[in-house]
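Okay, structure first, notes after.
The values are calculated or read from the model by the stated rules, or taken from the named source; none is laboratory data. For clarity, every value in this text was computed on a predicted model and none was experimentally measured. All Cβ positions, glycine included, derive from the backbone under ideal geometry; neighbour counts span all protein chains shown. Each accessible area value is taken on the protein alone, full model and side chains, heavy atoms only, with ligands, DNA and RNA left out. Shrake-Rupley method; radii C 1.70, N 1.55, O 1.52, S 1.80 Å.
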Amino acid sequence: MNGEGQGVVVVTDTSVLINFLRIDRMDLIARHSDRFVITGHVLEEITEHYPEQQARLQAALGDGTIEEMTVSGDAALEIFRTLSETQRLGSGESAAIACAIANGYAIAIDDRTAANQARQLKDDLVVLSSQDIMVHLIRSGVIAVAEADRIKDTWATEHRFRLAIDSFDELL
């Protein structure tokens, strides 16, 4: 379970979260050194578009693997409004970016367009992808390269999420 005193806070978008929910590996997020949070908008996206993942998400929220936060405060609400008005990003992406920037948190997001938009708003924003999270887990000794590669292959063959690597070995 993530706890206080651990690494940075990471606001995760639906794209990253769903990768771990689909393969039932929220245990990896729980063992990551950073604290992961989601917005209510991300929770709604998963409820609406990924109903089969709701039980796993509720379990992760219940055991503290991930925490829910709201988009609040003038700065976060202004960023959310600005991003929403462009209609280029979904509400989950917009909310995650707004919360990360307004609170000085990192963001976990796989969508390149959304990541680039976030960096335009805050050039020193820490942006993590599913791949980055897996590399961190390998380097931390939480997961072996062979197991991470099996997950990468499962993402590609069963969930249409492909990484541009043959093996995580290439990134170590």
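The condition of being β-branched (Val, Ile, Thr), under 13 Å from the mean Cα position of the chain (by Cα) and at negative phi holds for only one of Val71, Val11, that being Val11.
Residue by residue through region 47-57, note down the ones that are farther than 11 Å from Met26 by Cβ, out of contact with any Ser or Thr (no Cβ under 7 Å at 6 or more places or on another chain) and among the polar types (S, T, N, Q). Across region 47-57, the qualifying residue is only Thr47. Scanning region 9-65 for residues that are among the aliphatic types (A, V, I, L, M), open to solvent by 10 Å² or more (accessible area, probe 1.4 Å), closer than 21 Å to Ala114 by Cβ and in a helix (DSSP H, G or I) gives a single hit, Leu43.
In region 109-152, which residue that is small (Gly, Ala, Ser) and touching a residue at least 60 places away in the same chain (Cβ under 8 Å) is farthest from Thr86 (Cα to Cα)? Checking each candidate, the answer is Ser140.
Going by the structure shown, is Ala148 at pLDDT 95 or above and buried (at least 16 other Cβ atoms within 10 Å of the Cβ)? For Ala148, the condition - at pLDDT 95 or above and buried (at least 16 other Cβ atoms within 10 Å of the Cβ) - is met. The residue list Ser72, Ser94 contains one member that is of a type in the set (S, T, N, Q) and more than 20 Å from Ser129 (Cβ to Cβ), which is Ser72. When each of Leu77, Leu83 is tested for being open to solvent by less than 30 Å² (accessible area, probe 1.4 Å) and farther than 22 Å from Arg35 by Cβ, the lone residue that passes is Leu83.
So, restricting to helices (runs of 4 or more DSSP H) that lie completely within region 89-172, which ones have at least 2 residues that are over 18 Å from Ile29 (Cβ atoms)?
Counting at least 2 such residues, we get 91-103, 112-121, 145-159.
With respect to (1) open to solvent by 70 Å² or more (accessible area, probe 1.4 Å); (2) modelled with pLDDT of 95 or more, the lone exception for Glu158 is condition (2).
Evaluating Leu172 against the criteria (1) at pLDDT 95 or above; (2) open to solvent by 60 Å² or more (accessible area, probe 1.4 Å) leaves one unmet condition, (1).
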